[in-house]
Amino acid sequence: MASISPRKPLWEKLWKKSDLHTYETKEKQKKFFYLAIADDSGCIKVMVYRTEKHSFFKEGECYNFRNVIVKENMMKYTMNSSTSKFCKDKLDVPKDLEQKARMLIYREDPVVSIKEIKRLDQKKRVSAEGTVTEIRRIDSEKQTKINVQEFKLEDSTGSIYITLLGKDIQHLKDVSVGDTVKVTNVKTNHYYDTVLLNSTDSTRIIKLQSATFQNVQIEIIGIKKNREPADKAGCCYRQAV
(Lines give C-alpha, C1' and ligand atoms only; values in the text may rest on other atoms or scores of the structure.)
Protein backbone atom coordinates (compact mmCIF):
# COMPACT_ATOMS: atom_id res chain seq x y z
CA MET A 1 0.00 0.00 0.00
CA ALA A 2 1.49 3.34 -1.05
CA SER A 3 2.37 6.08 1.43
CA ILE A 4 -0.53 8.54 1.61
CA SER A 5 -0.88 12.07 2.91
CA PRO A 6 -2.31 12.01 6.46
CA ARG A 7 -5.24 14.23 5.46
CA LYS A 8 -6.27 12.26 2.38
CA PRO A 9 -9.21 9.91 3.17
CA LEU A 10 -8.58 6.18 2.90
CA TRP A 11 -11.34 3.81 1.84
CA GLU A 12 -10.70 0.40 3.35
CA LYS A 13 -12.35 -2.89 4.32
CA LEU A 14 -11.78 -4.17 7.85
CA TRP A 15 -10.81 -7.84 7.91
CA LYS A 16 -9.64 -8.36 11.49
CA LYS A 17 -9.78 -6.60 14.85
CA SER A 18 -7.67 -7.47 17.89
CA ASP A 19 -8.59 -7.43 21.56
CA LEU A 20 -7.58 -4.46 23.69
CA HIS A 21 -3.89 -4.25 24.65
CA THR A 22 -2.22 -2.23 27.41
CA TYR A 23 0.96 -0.15 27.41
CA GLU A 24 2.67 1.89 30.14
CA THR A 25 3.38 5.63 30.18
CA LYS A 26 4.92 7.77 32.91
CA GLU A 27 1.48 8.90 34.02
CA LYS A 28 -0.67 5.76 33.72
CA GLN A 29 -1.62 2.67 31.77
CA LYS A 30 -3.20 3.23 28.38
CA LYS A 31 -5.00 0.88 26.02
CA PHE A 32 -5.04 0.40 22.27
CA PHE A 33 -6.04 -2.20 19.68
CA TYR A 34 -5.13 -3.25 16.16
CA LEU A 35 -7.06 -3.41 12.91
CA ALA A 36 -6.12 -5.19 9.70
CA ILE A 37 -7.56 -3.34 6.70
CA ALA A 38 -7.26 -3.79 2.94
CA ASP A 39 -8.19 -2.13 -0.33
CA ASP A 40 -7.69 -3.25 -3.93
CA SER A 41 -3.95 -2.54 -3.77
CA GLY A 42 -2.83 -4.15 -0.52
CA CYS A 43 -3.31 -4.41 3.24
CA ILE A 44 -1.94 -2.61 6.28
CA LYS A 45 -2.00 -2.85 10.07
CA VAL A 46 -3.65 -0.02 12.04
CA MET A 47 -2.86 0.89 15.64
CA VAL A 48 -5.91 2.56 17.23
CA TYR A 49 -5.38 4.62 20.40
CA ARG A 50 -9.04 5.50 20.92
CA THR A 51 -10.53 2.58 22.86
CA GLU A 52 -14.09 3.90 22.56
CA LYS A 53 -13.85 2.96 18.88
CA HIS A 54 -13.33 -0.73 19.65
CA SER A 55 -17.06 -1.48 19.57
CA PHE A 56 -17.58 0.79 16.54
CA PHE A 57 -15.32 -1.17 14.19
CA LYS A 58 -16.88 -4.39 12.85
CA GLU A 59 -15.06 -7.07 10.88
CA GLY A 60 -16.25 -7.28 7.28
CA GLU A 61 -17.46 -3.66 7.16
CA CYS A 62 -15.94 -0.84 5.09
CA TYR A 63 -14.74 2.49 6.48
CA ASN A 64 -13.06 5.68 5.38
CA PHE A 65 -10.20 6.98 7.51
CA ARG A 66 -9.18 10.64 7.80
CA ASN A 67 -6.24 12.39 9.46
CA VAL A 68 -4.35 9.17 10.12
CA ILE A 69 -0.58 8.84 10.27
CA VAL A 70 0.94 6.40 7.78
CA LYS A 71 4.52 5.28 8.36
CA GLU A 72 6.00 2.41 6.36
CA ASN A 73 3.91 -0.68 7.19
CA MET A 74 1.83 0.82 9.98
CA MET A 75 -1.08 3.27 10.19
CA LYS A 76 -1.82 5.13 13.43
CA TYR A 77 -5.33 6.21 14.36
CA THR A 78 -5.00 9.00 16.94
CA MET A 79 -7.27 11.41 18.82
CA ASN A 80 -7.22 13.66 15.71
CA SER A 81 -8.34 10.88 13.37
CA SER A 82 -11.91 10.26 12.24
CA THR A 83 -13.81 7.55 10.42
CA SER A 84 -17.23 6.62 9.08
CA LYS A 85 -18.85 3.60 7.46
CA PHE A 86 -19.67 3.30 3.78
CA CYS A 87 -21.33 0.69 1.58
CA LYS A 88 -19.14 -2.41 1.26
CA ASP A 89 -20.34 -2.93 -2.34
CA LYS A 90 -18.33 0.11 -3.38
CA LEU A 91 -15.02 -1.54 -2.49
CA ASP A 92 -13.83 -4.64 -4.33
CA VAL A 93 -10.98 -6.28 -2.39
CA PRO A 94 -9.20 -9.28 -3.98
CA LYS A 95 -9.82 -12.48 -2.03
CA ASP A 96 -6.12 -13.31 -1.76
CA LEU A 97 -5.63 -10.20 0.38
CA GLU A 98 -8.08 -11.39 3.04
CA GLN A 99 -5.76 -14.00 4.53
CA LYS A 100 -2.77 -11.64 4.33
CA ALA A 101 -4.73 -9.00 6.22
CA ARG A 102 -5.80 -11.46 8.93
CA MET A 103 -2.20 -12.50 9.51
CA LEU A 104 -1.21 -8.89 10.20
CA ILE A 105 -2.93 -9.15 13.57
CA TYR A 106 -1.78 -12.58 14.62
CA ARG A 107 1.72 -13.79 13.85
CA GLU A 108 1.57 -17.15 12.13
CA ASP A 109 3.89 -19.94 13.24
CA PRO A 110 5.41 -22.07 10.44
CA VAL A 111 3.37 -24.93 8.97
CA VAL A 112 4.83 -28.31 9.95
CA SER A 113 3.77 -31.78 8.79
CA ILE A 114 1.96 -33.91 11.35
CA LYS A 115 4.77 -36.46 11.24
CA GLU A 116 7.28 -33.77 12.22
CA ILE A 117 4.94 -32.32 14.86
CA LYS A 118 4.93 -35.65 16.68
CA ARG A 119 8.72 -35.45 16.98
CA LEU A 120 8.72 -32.02 18.64
CA ASP A 121 9.21 -31.34 22.33
CA GLN A 122 6.49 -30.23 24.71
CA LYS A 123 4.88 -26.78 24.16
CA LYS A 124 6.44 -26.12 20.76
CA ARG A 125 4.35 -23.67 18.70
CA VAL A 126 3.47 -24.63 15.13
CA SER A 127 0.78 -24.37 12.47
CA ALA A 128 -0.67 -27.33 10.57
CA GLU A 129 -2.65 -27.98 7.40
CA GLY A 130 -4.83 -30.95 6.57
CA THR A 131 -8.30 -32.42 6.27
CA VAL A 132 -10.72 -32.54 9.19
CA THR A 133 -11.72 -36.19 9.64
CA GLU A 134 -13.54 -36.05 12.97
CA ILE A 135 -15.17 -33.40 15.17
CA ARG A 136 -16.06 -34.37 18.72
CA ARG A 137 -18.81 -32.79 20.80
CA ILE A 138 -18.14 -29.90 23.16
CA ASP A 139 -17.26 -31.09 26.65
CA SER A 140 -16.26 -29.43 29.92
CA GLU A 141 -13.17 -30.04 32.02
CA LYS A 142 -14.15 -31.24 35.49
CA GLN A 143 -11.59 -29.18 37.41
CA THR A 144 -11.56 -25.88 35.50
CA LYS A 145 -15.07 -26.15 34.01
CA ILE A 146 -13.68 -24.71 30.78
CA ASN A 147 -15.40 -25.90 27.61
CA VAL A 148 -13.19 -27.98 25.34
CA GLN A 149 -13.67 -29.47 21.89
CA GLU A 150 -11.43 -31.83 19.97
CA PHE A 151 -11.12 -32.49 16.27
CA LYS A 152 -8.86 -34.71 14.21
CA LEU A 153 -6.63 -33.32 11.47
CA GLU A 154 -5.01 -35.52 8.83
CA ASP A 155 -2.37 -34.81 6.19
CA SER A 156 -0.31 -37.07 3.93
CA THR A 157 2.05 -37.94 6.81
CA GLY A 158 -0.41 -38.84 9.58
CA SER A 159 -3.17 -37.56 11.84
CA ILE A 160 -3.39 -35.74 15.16
CA TYR A 161 -6.04 -34.52 17.61
CA ILE A 162 -6.30 -30.79 18.25
CA THR A 163 -7.96 -29.48 21.42
CA LEU A 164 -9.67 -26.09 21.41
CA LEU A 165 -10.06 -24.44 24.81
CA GLY A 166 -12.69 -21.94 25.96
CA LYS A 167 -13.55 -19.24 23.42
CA ASP A 168 -11.30 -20.89 20.82
CA ILE A 169 -14.16 -23.34 20.17
CA GLN A 170 -15.86 -20.64 18.10
CA HIS A 171 -13.21 -21.02 15.38
CA LEU A 172 -14.62 -24.46 14.58
CA LYS A 173 -18.26 -23.40 14.17
CA ASP A 174 -18.12 -23.07 10.36
CA VAL A 175 -15.90 -26.14 9.83
CA SER A 176 -17.24 -29.55 8.77
CA VAL A 177 -15.74 -33.01 8.44
CA GLY A 178 -14.03 -33.17 5.05
CA ASP A 179 -12.95 -29.51 5.00
CA THR A 180 -9.30 -28.71 4.32
CA VAL A 181 -8.06 -26.17 6.86
CA LYS A 182 -5.00 -24.40 8.18
CA VAL A 183 -4.77 -24.34 11.98
CA THR A 184 -2.39 -21.62 13.10
CA ASN A 185 -0.46 -21.05 16.32
CA VAL A 186 -1.10 -24.24 18.27
CA LYS A 187 1.32 -25.88 20.71
CA THR A 188 2.33 -29.47 21.30
CA ASN A 189 1.05 -31.34 24.34
CA HIS A 190 2.57 -34.67 25.36
CA TYR A 191 0.14 -37.02 27.09
CA TYR A 192 2.02 -40.21 27.96
CA ASP A 193 3.07 -41.60 24.56
CA THR A 194 0.61 -39.48 22.58
CA VAL A 195 1.33 -36.07 21.06
CA LEU A 196 -1.63 -33.69 20.80
CA LEU A 197 -2.02 -30.03 19.84
CA ASN A 198 -3.65 -27.42 22.08
CA SER A 199 -4.99 -24.02 21.05
CA THR A 200 -3.42 -20.75 22.18
CA ASP A 201 -4.73 -17.19 22.44
CA SER A 202 -3.71 -16.57 18.82
CA THR A 203 -4.98 -19.83 17.30
CA ARG A 204 -7.09 -19.41 14.18
CA ILE A 205 -8.69 -21.92 11.79
CA ILE A 206 -8.66 -20.88 8.14
CA LYS A 207 -10.79 -22.90 5.73
CA LEU A 208 -8.78 -23.59 2.58
CA GLN A 209 -11.33 -25.79 0.82
CA SER A 210 -14.82 -26.94 1.71
CA ALA A 211 -15.73 -30.62 1.79
CA THR A 212 -16.77 -31.95 -1.60
CA PHE A 213 -20.13 -33.69 -1.79
CA GLN A 214 -21.28 -36.01 -4.53
CA ASN A 215 -24.36 -34.66 -6.28
CA VAL A 216 -26.91 -37.35 -7.11
CA GLN A 217 -29.67 -36.76 -9.64
CA ILE A 218 -32.71 -39.04 -9.73
CA GLU A 219 -34.46 -39.25 -13.09
CA ILE A 220 -37.93 -40.84 -13.19
CA ILE A 221 -38.39 -42.60 -16.54
CA GLY A 222 -41.72 -44.28 -15.96
CA ILE A 223 -44.61 -44.65 -13.54
CA LYS A 224 -46.62 -47.83 -13.44
CA LYS A 225 -50.34 -47.34 -13.15
CA ASN A 226 -51.61 -49.25 -10.15
CA ARG A 227 -54.88 -49.59 -8.33
CA GLU A 228 -53.06 -50.18 -5.05
CA PRO A 229 -52.87 -47.36 -2.47
CA ALA A 230 -50.45 -44.59 -3.33
CA ASP A 231 -47.85 -45.73 -0.82
CA LYS A 232 -47.62 -49.09 -2.62
CA ALA A 233 -47.37 -47.70 -6.12
CA GLY A 234 -44.12 -48.67 -7.80
CA CYS A 235 -41.95 -46.62 -10.05
CA CYS A 236 -38.86 -47.21 -12.10
CA TYR A 237 -35.95 -44.84 -11.86
CA ARG A 238 -32.42 -44.44 -13.09
CA GLN A 239 -29.79 -42.93 -10.82
CA ALA A 240 -27.26 -40.69 -12.52
CA VAL A 241 -24.12 -39.52 -10.72
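The values are calculated or read from the model by the stated rules, or taken from the named source; none is laboratory data. Being a predicted model, the structure only gives us computed values, none of them experimental. Cβ: placed from backbone, ideal geometry, glycine included. Neighbour counts: every protein chain shown.
Thr83 meets the conditions (1) touching a Lys or Arg at 6+ places or on another chain (Cβ under 8 Å); (2) not in a strand (DSSP E or B) in every case but one. The failed one is (2). Filtering region 152-170 to residues that are part of a helix (DSSP H, G or I) and small (Gly, Ala, Ser) leaves only Gly166. For Ser41, the stated conditions hold: it is of a type in the set (Ser, Thr, Tyr) and modelled with pLDDT under 90.
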